[in-house]
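What follows is one structure encoded as structure tokens, with my remarks underneath.
The values are calculated or read from the model by the stated rules, or taken from the named source; none is laboratory data. Keep in mind that this is a model prediction, so the values were computed, not measured. Cβ placement follows ideal geometry from the backbone for every residue including glycine, while neighbour counts extend to all protein chains displayed.
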Amino acid sequence: MSTVPFRWLSAVALIAVASAAHAAQYSWQEPNARVLPTGDIEWTPTPFSFTPGPSVKYIDFEAGDDNGDGSKSKPWKHHPWDPAAMGAARECAGIHTYVFKRGATYRGILRPPKGVTGEQGTPIQLTIDPAWGSGEARFYGSEQVTGWTRGAANSAIPDRDKVWRADLEFAPRAVWMVGRNGAITRIRLARTPNYEASDRDDVLSEWYLWENPRWWTGEHKTNVNGVLMHLGIDTKNLAGKASDYAGGIVWSEWGIVMGAPYAAAIEAFDPVQKAIAFQGPWQNDSQQIHRNNRYSLEDLPQFLDQPGEFWFEKKGKGGRLYVRLPGDADPNDVTIEAAKNTTLIDATAMSHVRISGLVFRFNNVYWDLTAQGWRDPEVKSACIRLLGAGDDVAIDHCRFESVIQAIRIEAADGGRLDNILVADNDVFHTDHDGIEIRAGGREGGRSLGDVRVFRNRLREIGFRPARVNGHMALTVAFPETAEVAGNVIDRCGGSGYFTFGGKGGGSQDVPFCRFLIHHNKVVDPLLIANDWGGIETWQGGPFYVYNNVSGNPGGLMHWTVGNKKEGTPRFGHAYYLDGAFKNYHFNNIAWGKNNELGSKYANCAAFQEIISYQNTFFNNTVYKFVVASRRQAPQAGRDKFMGNIFDDISQIVFRHSDAEGKDPNARDAGTQAETFAYETDAYTSNVFYAITGKLGVFEAEDGDYPDLASFSAALLARKALAAGAGVTTTNAVLRDPARHDFRLASGSAAVDCGVKAFVPWSLYAMVGEWNFTRNNLDPTVVIDEHWYMAPYYSGREMYYTCPTYPLKAVGVSAADYVDGPLEDWTQGALELDGKDQYLVLAQADLAKPFVTGEGRGRRGGRRGGRTNQPPEEASADPGISGPALKNPQVYTSSMLVEAYLKTAQGQTYGAIVSKMDDKAGYALVLNDKGAVTFSVMAGGTKTALADSVVVNDGAYHHIIAEADRRNGAMNIYIDGKKTVSGELKLAADASLENAADLVAAKGLPCTLDFLRIALGTLADAKTTIDELYAWQFDGPQFRDFCGNAPVAQRDAGAIELTE
């Protein structure tokens, strides 16, 4: 996020979001959608705004002339970026607003010159003028086909007299019919079976089934020309001869998980087994083909056997197109659009560019449907594609209909992308993904900076996916910061919204990222895939996921149908934390349609986690699932479930251990550890209604708790952070959830049962974060909850073994923890006398090397700092230490200390936090005036900054002190305001490293509610004190789904009872 809201946007791009932020200082304060009081979200795009720059050029592809002057009266035919441009149009360069005429159709490819750029505030624009022309300004990747002749010349085609043909100089892989009323009908590539998506919850229900008996043995394989591949057996439908299948394509589900159909070439036929040979999703014999996986065949002339299909006989670059239209209509009487161009606007580097108001249709797909993305960039074609570098690129108010993919933006060739805005677009019917924005690798922030995706609508996405898994509606991968809000997604093959954070593993240093995911709605995702989420987060946060709706996640694993009597053959989830860390999920709604055990329609889970921790779920509403919340590999602990409503759960509410049984993706989770960090988990203030299954399991051992009393007692015995899991009720909690009215019922047990939870704003390079929640296993240990993806965070299975830095509370007992203002679900503040009671983090613990074992995580490990190598290997590895080990030992970086505390009335002197000896270090202390002084020292030279704002009045105060090494400045902020600044007099290489212990509250009688230390400034975290303070003390976590403040105590669930 920007330090100044919308700072980076050009003046024109700003208009696209200005109306959404008219009443807000920060974009995350606005819903970017219409929020209904019942708990629903409606797409609410902002109005299109035509804001031309100083120079305007006009383009009319149907009546323009490239030799004109580009004026409204003498428009050009081609845009200057079109290789077909001639004359004056071709020679045009510079910064212009290019207006495409409404009512005209542009057919061509635009290839911006590499590095083309507008200016900040004056972008290059491709847009429309509402006053020029009428209707749509269309941008088509197709050509109209005319001159049709009845009759098929190819003898393999059935009913040849019903087929029409036309010869083309290009090779379409997609064909559409456009009626006189503008209605678009996709003409399908010839296939068998002649399926329809007659079951909207199981769109592949009419496909054929593989018989493959004993698939788990791996025996159904064959070798074709030296390549080991799969055999798919179907004695009922593969009864022909080899020539009947040669040259065709098979689309097959696969397993064990993910499983979306992919296209593969049919490479051989076994007439004995009645089987075809084809390679796995990642070539050769990768993955598995299961009994009862579904499949279809296509792209052979003999499959052109019913109306509504086409087949193309390719010869060279062109060939002959054969069609049978719906109702066997004459194609001479309608408009036939045959796809020609794959990518319509194809850029490698562009900056300060806005594309708005255009309508894109009918682009082509790469000819070889079986190809993977590495073969050719056109495998992942899109209407608008930027592969390379760019800054300040906005795509808004466009419509993408009947296309292969709408938008693909990806850093490439060492380029960096920043300040990307995709807003107010409407995407309808794509073969592949919908909108895709990615870094150039798996590393957050280095090649992709800030991304904002606002108010887009996506429908019917990804039902002919690119190989493999090219079926996501909206993907944002590894940006530094991202905000995704107000998007409405309906019916997609894969995930609705899928985001990657931090890094995907490896040795990169990712000190900072931030994701805001709010007011989005995803309904009917995962219609052809499983093991994903309607809204999915992956890897490192913080992810702030709030005020979203995720409904009816699919995820049918058809090969398990009939085998799941006690659960569901679906493995799709409303919210999936797929190896995701530092998530805050609040005020979200998850709803299912069916939870009948064993039914292929039963929705699996509202929340799913795998190898995930440091996640908080509070004040959410969950309705009608087989399982409410699932955890795999939960040994790290560090999860909280508080103030949620769980309504109508048929099998189990909390499936938080493999004691409940193995999962289909168990291999991804790995072997469960023998012990879990129970003392770091919290279950409290949840409301349970219509629970027909068990309450939960959460232990590594066999612990099976049928009801709330037994579950809570087990948590208490395990010394969980909070063990009173909540309340059960026999009275309806929600008003009418079956009709998606998620307001609380009158007299609901959820009233006043919610929680107030503290949600810190993300900072740069966090190395210590202490919330002072009472540790019931050992009250003298204050748990560290910092998150920083340092280079030694090499793989998600070992992250939890990386060091954390709990504080030792000297002289403290459980009785010293008291209620604090930041949270109300626990006694979350620590009262210290400053003399016999204070906090310490020993230098020996900070200096202890961390031996990573190259990611071979020991799953039984519970806290960081422990070696995870065998002893003989560990002894030979010196481990990670010094500046490479990220912790509160500060070296030459900037730094920040944040505290929320109250001191004794009139107190002077004492350390809020200090790590300083007589030569180096830092300290934030109370001075003789009752204000704070921040000091840093290196080489025996100290720089101190004293504030004059008194904080010793016995009230709580929020304090931030930062040392900005880059700018040579020190700053102190009190209660959201900068109160004093000064010069920081340190040489660039001067280190604050010292041998002292870190201490807090030493000599300072006080009550601490929050403390953290970062190796960067507010500016490094792309924020300001105003934004941080607004988020932490007046953010969306203090209101409900609809933006209502609590009437008194917060109610459980997403929606506060206000009537």
Selection from the stretch 469-490 of residues that are closer than 25 Å to TYR262 by Cβ, touching a residue at least 60 places away in the same chain (Cβ under 8 Å) and assigned to a strand (DSSP E or B): GLY470
Specify which of the listed residues (ASP82, ASP66, ASP60) is in contact with a helix residue (DSSP H, G or I) (Cβ under 7 Å, 6 or more places away or on another chain) and more than 30 Å from ARG735 (Cα to Cα). ASP66
Looking at the stretch 236-247, can you tell me whether even one residue there is part of a strand (DSSP E or B) and either of a type in the set (Gly, Ala, Ser) or over 23 Å from ARG491 (Cβ atoms) (or both)? no
Residues being buried (at least 17 other Cβ atoms within 10 Å of the Cβ) and of a type in the set (Ser, Thr, Tyr) - total across the stretch 176-218: 2
Selection from the stretch 274-315 of residues among the basic types (Lys, Arg) and surrounded by fewer than 22 Cβ atoms within 10 Å (Cβ to Cβ) yields LYS274, ARG291, LYS314, LYS315
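With the requirement that a residue be within 16 Å of the chain's Cα centre (by Cα) and over 12 Å from ALA473 (Cβ atoms), what does the stretch 422-446 give you?
Scanning the stretch 422-446 gives VAL422, ILE437, ARG438, ALA439, GLY441, ARG442, GLU443, GLY444, GLY445.
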Restricting attention to strands (runs of 3 or more DSSP E) lying wholly within the stretch 905-1003, give those where 1 or more residues are closer than 22 Å to LEU1028 by Cβ and within 40 Å of the chain's Cα centre (by Cα). 911-916, 921-926, 932-938, 957-964, 969-974, 977-983, 998-1002
Being over 22 Å from LEU721 (Cβ atoms), assigned by TED's automatic domain parsing to the domain that holds ALA911 and surrounded by fewer than 23 Cβ atoms within 10 Å (Cβ to Cβ) is true for just one of SER813, SER746, SER794. Which residue is that? SER794
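With the structure loaded, tell me whether GLU253 is of a type outside the set (Val, Ile, Thr) and in contact with a helix residue (DSSP H, G or I) (Cβ under 7 Å, 6 or more places away or on another chain) or whether it fails that test.
yes
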From PHE581, PHE543, PHE498, PHE515, residue being under 22 Å from ASN603 (Cβ atoms), assigned to a strand (DSSP E or B) and either touching a His at 6+ places or on another chain (Cβ under 7 Å) or touching a residue at least 12 places away in the same chain (Cβ under 8 Å) (or both): PHE498
Do we find that ARG638 is of a type outside the set (A, V, I, L, M) and within 19 Å of the chain's Cα centre (by Cα) in this structure? no
Positions within the stretch 878-904 being loosely packed, with under 15 Cβ neighbours inside 10 Å and in a loop (DSSP other than H, G, I, E, B), in sequence order: PRO878, SER881
In the stretch 120-140, which residues are touching a helix residue (DSSP H, G or I) at 6+ places or on another chain (Cβ under 9 Å), part of a loop (DSSP other than H, G, I, E, B) and within 14 Å of PHE50 (Cα to Cα)? PRO123
Quick one: is ASN595 polar (S, T, N, Q) and in contact with an Asp or Glu (Cβ under 7 Å, 6 or more places away or on another chain)? yes
For the stretch 509-567: of the residues being within 14 Å of the chain's Cα centre (by Cα) and charged (D, E, K, R), which is farthest from GLN1037 (Cα to Cα)? GLU536
Residues that are surrounded by 19 or more Cβ atoms within 10 Å (Cβ to Cβ) and either in contact with a Pro (Cβ under 6 Å, 6 or more places away or on another chain) or in a strand (DSSP E or B) (or both), drawn from the stretch 51-91: LYS57, TYR58, ILE59, ASP60, GLY64, TRP76, TRP81, ALA89
Could you say whether any residue in the stretch 368-381 is touching a residue at least 12 places away in the same chain (Cβ under 8 Å), crowded, with 24+ Cβ neighbours inside 10 Å and closer than 16 Å to LEU126 by Cβ? no
State yes or no: is GLN287 at positive phi and at pLDDT 95 or above? yes
Looking only at strands (runs of 3 or more DSSP E) that lie completely in the stretch 751-836, which have at least 1 residues being under 26 Å from the mean Cα position of the chain (by Cα)? 766-770
Which of the residues that make up the stretch 279-305 are under 21 Å from MET557 (Cα atoms), assigned to a strand (DSSP E or B) and more than 29 Å from the chain's Cα centre (by Cα)? TYR295, SER296, LEU297
Just to confirm my filter: which strands (runs of 3 or more DSSP E) fall fully inside the stretch 310-400 and include at least 3 residues that are more than 27 Å from the chain's Cα centre (by Cα)? 318-324, 335-339
Please pick out the residue among GLU436, GLU443 that is crowded, with 23+ Cβ neighbours inside 10 Å and among the charged types (D, E, K, R). GLU436
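Name the single residue that is nearest to ASN595 (Cα to Cα) among those in the stretch 631-646 being among the aliphatic types (A, V, I, L, M) and not in a loop (DSSP other than H, G, I, E, B).
Within the stretch 631-646, the match that is nearest to ASN595 (Cα to Cα) is ILE645.
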